[in-house]
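Everything on this sheet refers to the single structure shown next.
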Amino acid sequence: MEKLILETTQRGVKSYHKLEKFPVIIGRGFDSDVIISDVTVSPTHLKIDRLEDGFEIQNLSSENGTKLNDVPLSESPQSLSIPAEVRLGDFKGRILSPTAEVAPTRIKSASNGWFSFLSNPYWAGFFVIITAIAIAAGKYISTPVSQDSLMYLSKVLPAMLLMLALALLIASVSRLSAHRWAFVPALSIASLFLLLPLVFEYIGQFLDYLLTTDWPSTILKHSTEFLLLPILLILYLTRVHYIRVISAIGIAVLVTMPVTAFFISDMVDQMSNRSGFTPMPNYNKSLSSLDIRLKKTMEVSDFLEQSESVLNEKVEKLLEQARDQY
Amino acid sequence: MIRYILLLVLFSSVTQVAVALTDTSSIYEEVESSVYQIRVINNETGKKVAIGSGFVVQQDNILATNYHVVSEYVNGSDVFKLEYLSTDGETGPLELLDLDVIHDLAVVKSTKPMGKPLEISAVPEKGARLYSLGNPLDLGFSIVTGTNNGIMTQDQDGNILFSGNLNGGMSGGPALDESGKVIGVNVATQGNALGFLVPAKYLSVILDRLADNDFLPVKDRFARISEQLIANSERTIERLSGNDWGTTQIGKFLVPAELDKSMRCWDLSRVPKKDDLFRSFLTQCSNQKNTYLSKNLSLGMINYEYVWMDTEKLIPARFYTRYEKMNSSFIESDVDKSDVTNFACHTGFTKTAGQDFKTTVCRRDYLKYKGLSDMLFSTVLVGHPAEGGVFNLDVTGTNHKAAYGLFKKMVESFQWKN
């Protein structure tokens, strides 16, 4: 074992220095063998030397000192076992053997393939168009009066603007962190962020009528609120930045925490409202022109008989609850 | 102007007026000592929260008044107490014996003799002179002369129409015929010189019931009230069900029109505009009759409404977004959680007049009034891409079974006219 590798991390980027000629001086001074620009490092900070049967390390800094594997070094040389972590002031490094194994190569997903829906520009274009159509259709369906087509355009354009701004924001973050713009995936993510809530809302309405209950739309609404942003973020981090899934989940949870906190407080409010008294009857009011439903049509008298026994039971429970409260 | 009218009256009926005047003063003298102010007093502050009038009847310690005069006490007997105030300023406690919320009557008992009991008599012929006594606006006792204008029909509310100036505070006072016998109890006023009296026969019913029971107070007032409300609601619904409703057309449906003469129906359709893409019609009917229970609770309302929507220009998805907004029914009332439970609802699909409907029944029960419910029915036409129809029926303060019966009968009389 004649050589060593010094791994340094600066602003998240790792660099490696081969240490071949010993003794090696590490410091901020330009006469050092390995120059480190961190201001907490002394001009002549650390010395590593080769002995016959290994290496020794010596702290030369009287200012911020050096820690070896979290233990402060004295000024006298000390033997060095590999691998080791060193800390020069605030600056972190690792000393490795040249034979140490490196992490396996992360295989880049076949970019621009038909299935990589985030990075394929056709997909991004498709998402953008579908989003625009969905927003326009939503506005068209919800206004039962005749309106100028320019009117719908004026509803769609702000959403498109928001989408572009969002895409630009994501791309800028990429540019800063990964030195790539990655605008296509950013556009896909931004359009999905606007499109999916609309899609889920429609699915929720369809299921509400299908099952004659308000649960599907409620569940879909809440899952969109809580999960959409983190899931898109995780996709973006893993597909575009090749970050491991576990780390991506961590980052996504951390970043979306304020939004999640807001929705949690909102949901708790709604739940406390729901559990309290309301003079409004709460029943499934959904109607669908498709009229696709699981409940069969009954004779009025059969339905009324059924509802009488169902309501007897429900009201009995409500009366019991009320009696417990008073 | 006023002087002119007064002079006119004096000249045109000199002899009659002279007779009536002696009558009025003699009646006043005769019954003055039997008429009292009834007041509800807050235990803590000792101040009155409601006043009305009352009179001695049947026994010298029994007084009759209106339910609405003592309702504050009935609903909060731990906070309030009942008191009388005589014409000469004497006060004393009263105990509530029995009540009739439907006819707005209450009977109370004093611990000591209160004067000569007034006698009850049948309502005299239409046009007869009546004397109404009471304590208008807390200004002191007075007597008002007026005319009997007859008894209103049952589908109104069976009260005596009295043309005389009844005022607040006279509620619960007696209305006497010319022989000084009680024929009714002052209950309400409307507009100018239009008063209503409860026929005294309903008071006799309570007094007979009390006499059978040694004039002991009713044990559970709320149970008695809910019995009365339920019986009244059942009677009303039975009466409605027996009527010939006639039909009215809304969209492609022939539906029952007014269930009764007391029902008032209004058209509340939006005014169509030239560029409308759909048509929509709304008819609302209400029985306008509530039984007063407390300041924020009146029950016995029957409301129903028909909505029709259709379109030739809207695509189904667009039409249904609008139609779905019409599918929302609720009961307007001031109840809170100390009155009722939340609504429990049941929704399904039913076949009416050969068409499919999405039908919902909701029910909530009163906590104090056992067996009393508010019922809400809603049935909505489905399966027609360009046509929609909604029928909503609300019945408050009812026996739920009776309300089911009414809804069923109404829905089963629907006809589809293509």
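The values are calculated or read from the model by the stated rules, or taken from the named source; none is laboratory data. Given the structure is predicted, the values throughout are model-derived calculations rather than measurements. Glycine also receives a Cβ, built like all others from the backbone with ideal geometry; neighbour counts cover every protein chain displayed. Note: areas computed on protein heavy atoms with side chains; ligands, DNA, RNA excluded. Shrake-Rupley method; radii C 1.70, N 1.55, O 1.52, S 1.80 Å.
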Size of the dipole of chain B about the Cα centre, Lys and Arg at +1 and Asp and Glu at -1 on the beta carbon, nothing else charged, in debye to 20? 1440
Checking an interface number: how much accessible area is buried between A and B, summed over both chains, with a 1.4 Å probe, in Å² rounded to 100? 4800
Strictly under 4.7 angstrom between C-beta atoms: which cysteines of chain B have no such partner? none
How large is log10 of I(q)/I(0) for the range B:71-169 at q = 0.13, 0.25 Å⁻¹ when the intensity is taken from the Debye formula with one equal scatterer per alpha-carbon? -0.65, -1.40
Output wanted: per-residue J couplings in Hz (rounded whole) for the range A:74-81, from phi through Karplus 6.51 cos²θ - 1.76 cosθ + 1.60, θ = phi - 60°, x for Gly and Pro. 7, 6, 8, x, 9, 6, 10, 9
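Over 24 Å apart: what share of the alpha carbon pairs of the range A:170-288 falls there, rounded to a whole percent? Please list the in-between numbers first.
Working: 2952 of 7021 pairs.
I get 42 percent for the Cα pairs in the range A:170-288 exceeding 24 Å.
Would you work out the relative contact order for chain A, in percent, from Cα pairs under 8 angstrom that are 6 or more residues apart? If you can, show how the numbers build up before the last one.
Values: 395 pairs, mean separation 31.7, N = 326.
For chain A, the relative contact order is 10 percent.
Considering only DSSP states other than H, G, I, E and B, which trypsin sites (Lys or Arg not before Pro) in the range B:284-341 qualify as loop sites with at most 13 other Cβ atoms within 10 Å? The partial results should precede the final answer.
Details: sites: B:Lys289, B:Lys295, B:Lys313, B:Arg318, B:Arg322, B:Lys325, B:Lys337; in loops: B:Lys289, B:Lys295, B:Lys313, B:Lys337.
Here the sparse-neighbourhood loop sites are B:Lys295, B:Lys313.
Report the FRET efficiency, 1/(1 + (r/R0)^6), for A:Leu150 and A:Arg323, where r is their Cβ-Cβ distance and R0 is 51 Å, rounded to 0.05. Spell out each step's value before the answer.
On the way: r = 60 Å, r/R0 = 1.18.
Efficiency, rounded to the nearest 0.05: 0.25.
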Residues with amide H under 5 Å from that of A:Thr66, placed H, sequence gap 5 or more: A:Leu73
Give the long-range amide H neighbours of B:Gly184: residues separated by 5 or more places, or on another chain, with amide H under 5 Å away, using H modelled in the peptide plane at 1.01 Å from N. B:Ala175, B:Ala200
Provide a whole-number value for the mean count of partner chain Cβ atoms within 10 Å of the Cβ atoms in peptide A:206-213. 1
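As an exercise, use a Förster radius of 41 Å and the Cβ-Cβ distance of B:Glu178 and B:Thr91 to find the FRET efficiency, rounded to the nearest 0.05. Can you show the working numbers first?
Values: r = 32 Å, r/R0 = 0.78.
Here the calculated transfer efficiency is 0.80.
In percent, how large is the relative contact order of the range B:2-219, given Cα pairs closer than 8 Å and 6 or more residues apart?
Details: 514 pairs, mean separation 41.2, N = 218.
Result for the range B:2-219 is 19 percent.
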Charge dipole of the protein assembly as shown about the Cα centre (unit charges at C-beta), most positive-ward option of A:Phe30, A:Leu304, A:Thr260: A:Phe30
Reduced Cα scattering model of the range B:228-416, Debye log10 I(q)/I(0), q = 0.09, 0.15, 0.17 Å⁻¹: -0.34, -0.91, -1.12
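Taking R0 as 30 Å, what's the FRET efficiency between B:Thr45 and B:Asp336 from their Cβ-Cβ distance, rounded to 0.05?
Efficiency at R0 = 30 Å is approximately 0.80.
Arrange the peptides A:15-26, A:278-289 so that the one whose residues have, on average, the most other Cβ atoms within 10 Å appears first. Mind showing how you got there, number by number?
Values: A:15-26: 15.7, A:278-289: 18.7.
So the peptides A:15-26, A:278-289, ranked by packing, come out A:278-289, A:15-26.
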Counting other Cβ atoms within 10 Å, keep those with at most 16, restrict to DSSP loop, and tell me which trypsin sites (Lys or Arg not before Pro) in the range B:28-77 are left. B:Lys47
Roughly what angle does helix A:121-142 make with the longest principal axis of chain A, taking Cα atoms, 0 to 90 degrees, to the nearest 10? 30
How many nm is it between the label spots at B:Asp220 and B:Lys274, if each spot is 7 Å from the Cα in line with the beta carbon? 6.6
Report the percentage of all Cα-Cα pairs in the range B:129-250 whose separation exceeds 17 Å, rounded to a whole percent. 66
For the range B:2-219, the Cα convex hull volume per residue in Å³ comes to 132
Run through the range A:147-189 and list the trypsin sites (Lys or Arg not before Pro) located in a DSSP loop whose Cβ has at most 14 other Cβ atoms within 10 Å. A:Arg180
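How high is the relative contact order of the range A:1-75, in percent, counting Cα pairs under 8 Å that sit 6 or more residues apart? Please report the intermediate quantities before stating the final value.
Values: 127 pairs, mean separation 14.4, N = 75.
In percent, rounded to a whole number, it is 19.
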Folded to 0 to 90 degrees: helix B:14-31 orientation relative to chain B principal axis, Cα: 80
Beyond 28 Å, how much of the Cα-Cα pair distribution for chain B remains, as a whole percent? 56
Please list, ordered by chain and number, the residues whose modelled amide H lies under 5 Å from the amide H of B:Asn159; skip anything fewer than 5 residues away on the same chain. B:Met152
Convex hull projection area averaged over all views, chain A, Cα basis, nm²: 29.6
Per-residue HN-Hα couplings for the range B:409-416, Karplus 6.51 cos²θ - 1.76 cosθ + 1.60 at θ = phi - 60°, whole Hz, x for Gly and Pro? 5, 5, 5, 6, 8, 5, 10, 9
Whole-Å semi-axes of the protein assembly as shown's equivalent ellipsoid, largest first, each the root of 5 times a Cα gyration tensor eigenvalue? 84, 36, 22
accessible surface per residue for the protein assembly as shown, probe 1.4 Å, DNA/RNA/ligands not counted, whole Å² -> 52
Take the alpha-carbon centre of the range A:148-186, take the same for the range A:234-300, and report the distance between them in whole Å. 25
Structure-based [θ]222 nm, the protein assembly as shown - -39500 (n - 2.57) summed over DSSP H runs of at least 4, per residue, nearest 500: -12000 deg cm²/dmol
